[in-house]
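Chemist: Let me begin by handing over the structure; questions about it come next.
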Amino acid sequence: MDDDQILIKQAEASKIAASRVKRGVQYMMGHRSGRSLMYHLLGQYGVFHEGFSDNPLVLARSSGRRSAGLQLMQLIQEYAPEKYAKMNEEANEDALSNSPMGDE
């Protein structure tokens, strides 16, 4: 197998992998439980808050987690942008219904 054939195979494999990621994100965001999981992960990764710390090791850890979360958010916004707002609406509804003051 020469170099050109190797490059062609690598390009094909890359396209297949990208297609799987796209379909996976669209599948997850297509279901309320999937959107709930994605919102939970974004929160766990610290996307919704800054995470500043005076301790450089804590800051490095939170920055790395946030970077991973931002990559996930980018995939959501690229492959299922219409579901991103729905995910946020549902998360707000869930937060209100689980809040002690949500019954008022």
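The values are calculated or read from the model by the stated rules, or taken from the named source; none is laboratory data. The structure displayed is predicted, hence computed values, not measured ones. Please note: Cβ atoms are built from the backbone with ideal geometry, for glycine as well, and neighbour counts cover all protein chains shown. Accessible surface areas use protein heavy atoms only, side chains included; no ligands, DNA or RNA. Shrake-Rupley method; radii C 1.70, N 1.55, O 1.52, S 1.80 Å.
Chemist: So, in the range 43-84, how many residues would count as being in a helix (DSSP H, G or I), within 13 Å of Met29 (Cα to Cα) and hydrophobic (A, V, I, L, M, F, W, C)?
Modeler: 4
Chemist: A further question on this structure: Within the range 78-94, take every residue that is open to solvent by 50 Å² or more (accessible area, probe 1.4 Å) and among the acidic types (Asp, Glu) and give me the one that is nearest to the chain's Cα centre (by Cα).
Modeler: Glu78
Chemist: Hey, among the residues in the range 45-77 that are open to solvent by 70 Å² or more (accessible area, probe 1.4 Å) and in contact (Cβ under 8 Å) with a residue 12 or more places away in the chain, which one's nearest to the chain's Cα centre (by Cα)?
Modeler: Checked the range 45-77; the qualifying residue nearest to the chain's Cα centre (by Cα) is Leu70.
Chemist: Mind counting the residues in the range 1-42 that are surrounded by fewer than 11 Cβ atoms within 10 Å (Cβ to Cβ) and either among the β-branched types (Val, Ile, Thr) or not in a helix (DSSP H, G or I) (or both)?
Modeler: Residues that pass the stated criteria total 4.
Chemist: Follow-up question, since we're still on this one. Residue by residue through the range 1-58, note down the ones that are closer than 20 Å to Glu93 by Cα and hydrophobic (A, V, I, L, M, F, W, C).
Modeler: Hits for the range 1-58 are Met28, Met29, Leu37, Met38, Leu41, Leu42, Val47, Phe48.
Conditions tested, residue by residue: (1) closer than 23 Å to Gln77 by Cα; (2) among the hydroxyl-bearing types (Ser, Thr, Tyr); (3) in contact (Cβ under 8 Å) with a residue 12 or more places away in the chain.
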| site | (1), (2), (3) |
| --- | --- |
| Leu7 | no, no, no |
| Ala13 | no, no, no |
| Ala17 | yes, no, no |
| Gly24 | yes, no, no |
| Ser33 | yes, yes, no |
| Gly43 | yes, no, no |
